[in-house]
Amino acid sequence: MSMFLQFTVTGIAVGLVYSLIALGFVMVWKSSGVANLSMGQMLLLFAWFAYSMLAQKGIPIWLALILVLVFSLAVGWLMERVILRPLIAQPILSLITVTLGVSFVITGLVSFLWPKGIAALPRLFPQNPVHIGSAIVSQEYLWAAVISLMLFALLSLYFKYNRTGIVMRATADDQKAVQACGIAVTKIFSRSWMLAGALAAISGVLMASIGGITFGLVDTGMRAFSVVILGGLDSFLGAIVAGPIIGLAQMVGGGYLTPLTWPGVNDVIPFIIIIIVMFIKPFGLFGEERIERI
Amino acid sequence: MDLPTGIRSFSYGEDMAVFRTKTHWFWLLLLLAVLFSMPLFLANYWLSVANLIFITIIAATGLNILTGYCGQLSIGHAGFMAVGAYTSVILTTRFGLPFPLVLLSSGIMAGLIGMLFGISSLRIKGFYLAISTLAAQFIILWVISHWDSVTGGTNGLPVPPAKVLGLVLKSQSDKFYLILIVTIIIIFVAKNLSRTKTGRAFVAIRDNDLAAEVMGVNPFRYKLLAFFTGCFFAGIAGSLFAHWTGYINPESFPFTNSILYIGMIIIGGLGTTVGPIFGVIFIQLLDVLVTHVSPTLQAAFPGLSSGFVVGIAPMLFGVTIILFIIFEPRGLAHRWQIFKTSYRLWPFSY
């Protein structure tokens, strides 16, 4: 029972971070129709940046986190401005492949700047583990869950009351109508990329504080695609709901299946879920089913 | 359009021929002569580079049929190659089948697995399909690295040299002839496939699958066929790769390779026969250049971080892919077309 509780708590916590990553993806997809497959690499980059700020430069935590956030906004802005802006209205194939190119560049950059390839972030959260019933969970998981939930609340307020947030939702709905209202759509694209960058940075730091900084963060980003697929590509709610589902499936399913199958089954469960969802309900739980016309 | 003035066709077959004029045939025969005499004047290292280039051309040609002609993006091509490679090794070592049969069956095996993952392509496309093929890559590699009793797990498997018609192909030049001949057959098949009813159905599906269906093209059948053909070629490439390196493990088929294959066909030019060839040669030679130049640079500039040698190659590949997509989305094949036309018309502008 304590095992089950432990798997559940860690699963939900990890799942909520997946939701954050997925939100970053969905935001870009909804506003500009770009599938950002370099999410995992962005996670890695920001985690390493946080590491060099915290551990190598020795900047105080609050300042370092702000710097990471500023850096992530800058990277998001730069990606949109330099790479995606010239490709507006190009076929989806080019848009997917260009982000794959970006992922290559980031991978190279990371191994260029931080050649040791593996590191641990300095502790951001208190060390002593927490007892929930009979389960013992380290605090990072709980903080990750709490921070993710807070960010969801903030984001939903942003999309509901902030002017730019409302315009972003409008852009997702109908780009032409937004342009007709005299709003520069490109500026909105830029905003959503910056937000996606910030979300990648936060989730990267959270993931790194749970499991250390390795190239495994890239795989974490890949696994977050299963959240996007299960929740539906164009649904914020879907991303938030599907995250914990995937996290639970990964932790609980993986925890109980590992003795029965091969080790590492929890890493592959999200991908199996992708294939199953594709067969049964390709547009996800909350995704909008597109009806095409010629 | 590609012909000089004054060339006429007297039969339909003549009009459809790929090589029309004596000049065409001259260049083709010259190219073949150079290719077949390459082991005579190339050092062993460059022969192995050429071998890897040809193997990659086969894989990229398969991906080009799937992505370039049929429009089904696959980010799991290295996974399908792995299926072919492992099938080939297991059939050779466990069952001792003759090599041509092994080659064919590893292609078929990879094609069937590809079709399995391609079934979902009936209802989804674009990004969804990309993600499901990405999932395919991860699932395939996970199975391979854990099914110890069959695949040897992460330790990998040694591969005996291929035996064709009683000859054991051990040296680079022996392998070169095998790989070259298979590559020529594959390019011949791919070129002609694109001109048949099937190839045109692929193009129709790529341009608009609904319109294609209305015109009477069965999208399910042809999408599955595209998946089968593309992954069949990947399987063949995987089988040749296994017999070329002599040792395979799950890390021989990383996810980055799958991305690189897409980069190659985009750099070369999607939906053309020469595209994958140009793209593969471009990227592989870039790779060779980087491996040779970066240690020198590292030595010349001691201030560079020790990750320079590891990091420079992916950075260069990524930048190349991005630049090509932004500035020349039709790839090197388009440039080649422009070059040929202006060469023929020179010194007149039209």
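The values are calculated or read from the model by the stated rules, or taken from the named source; none is laboratory data. Note that the structure is predicted; figures quoted are calculated from it, not measured. Every residue, glycine as well, gets a Cβ built from its backbone with ideal geometry; the counts of neighbours run over all protein chains shown. Heavy atoms of the whole protein, side chains included, go into the accessibility calculation; ligands, DNA and RNA do not. Shrake-Rupley method; radii C 1.70, N 1.55, O 1.52, S 1.80 Å.
Which order do the peptides A:266-276, B:189-199, A:123-133 take when ranked by the mean count of other beta-carbon atoms within 10 Å per residue, highest first?
Per-residue Cβ counts within 10 Å, averaged per peptide and sorted highest first, yield A:266-276, B:189-199, A:123-133.
3J(HN,Hα) couplings calculated from phi for the range A:90-104 with the Karplus curve 6.51 cos²θ - 1.76 cosθ + 1.60 (θ = phi - 60°) are, in sequence order, 8, x, 4, 4, 5, 5, 5, 5, 5, 6, 5, x, 4, 4, 4 Hz; Gly and Pro show x. How far is helix A:61-78 tilted, in degrees, relative to the longest principal axis of the Cα atoms in chain A, given as a value from 0 to 90 rounded to the nearest 10? For helix A:61-78, the angle is close to 40 degrees. Only protein heavy atoms count here; under a 1.4 Å probe, A:Met278 has an accessible surface of about 0 Å². With a 1.4 Å probe and every protein chain left in place, tell me how much accessible area B:Ser48 has, in Å² to the nearest 10. Approximately 20 Å² for this residue.
With Rh defined as the Kirkwood radius, the inverse of the mean 1/r over Cα pairs, the Rg/Rh of chain B is 0.98. What are the aspartates and glutamates whose alpha-carbon lies under 19 Å from the alpha-carbon of B:Lys125, with same-chain residues fewer than 8 places away excluded? Counting by Cα, and skipping residues close in sequence, B:Lys125 has these aspartates and glutamates nearby: A:Asp234, A:Glu288, A:Glu289, A:Glu292, B:Asp207, B:Asp209, B:Glu213. For the range A:1-113, the Kirkwood hydrodynamic radius from C-alpha pairs, put into Stokes-Einstein at 37 °C and a viscosity of 0.692 mPa s, yields a diffusion coefficient of 206 µm² per second. Leaving ligands and nucleic acids aside, the A/B contact buries around 4300 square angstrom of accessible area in total at a 1.4 Å probe radius. Among A:Glu289, B:Glu328, the sequence by solvent-accessible area, most first, with a 1.4 Å probe is A:Glu289, B:Glu328.
How many lysine pairs in chain A, separated by 8 or more positions in sequence or lying on different chains, have Cα atoms less than 18 Å apart?
Working: A:Lys30/A:Lys160; A:Lys30/A:Lys176; A:Lys30/A:Lys187; A:Lys57/A:Lys116; A:Lys176/A:Lys187.
Lysine pairs meeting the criterion: 5.
Using Cα atoms only, what is the angle between the long axis of helix A:265-280 and the major principal axis of chain A, expressed in degrees (0 to 90) to the nearest 10? That works out to roughly 40 degrees. Only counting protein heavy atoms at a 1.4 Å probe, give the residues of the range A:243-278, ordered by number, whose accessible area falls by 50 Å² or more when the other protein chains are present relative to the chain alone. SASA drop of 50 Å² or more in the range A:243-278: A:Trp262, A:Val268, A:Phe271, A:Ile275, A:Met278. Scanning residues 5 or more positions from B:Val164 or on other chains, those with amide H under 5 Å from its amide H are B:Leu169, with H placed 1.01 Å from N in the peptide plane.
The residue list B:Ile140, B:Gly71, B:Ser88 was ranked by how far each Cα lies along the charge dipole of the range B:42-345 toward its positive end, using unit charges on Cβ atoms, and B:Gly71 comes out on top. With a 1.4 Å probe and all protein chains left in place, how much of the accessible area of chain B comes from carbon and sulfur atoms, in whole percent? Carbon and sulfur together cover 71 percent of it. Any residues in the range B:253-275 that have 50 Å² or more less accessible area with all protein chains than in their chain alone, probe 1.4 Å, and which are they? Residues meeting the cut-off: B:Ile259. Across the range B:138-146, computed HN-Hα scalar couplings (Karplus, 6.51 cos²θ - 1.76 cosθ + 1.60, θ = phi - 60°) run 5, 5, 4, 5, 5, 4, 4, 7, 10 Hz from first to last residue, x flagging Gly and Pro.
Here is how the number arises for chain B: DSSP H runs of 4 or more residues each give -39500 (n - 2.57), the sum is divided by the residue count, and the result at 222 nm is -23500 deg cm²/dmol. Taken per residue, the accessible surface of chain B reaches 47 Å², heavy atoms only and a 1.4 Å probe.
Can you give the log10 of the normalised intensity I(q)/I(0) at q = 0.05, 0.08 Å⁻¹, computed with Debye over equal Cα scatterers of the protein assembly as shown? Scattering profile of the protein assembly as shown, log10 relative to I(0): -0.24, -0.62.
Using a 1.4 Å probe on the heavy atoms of the protein chains only, list every residue of the range A:110-128 that has 20 Å² or more less accessible area in the complete assembly than in its chain alone. When all protein chains are present, A:Ser111, A:Phe112, A:Pro115 each give up 20 Å² or more of accessible surface.
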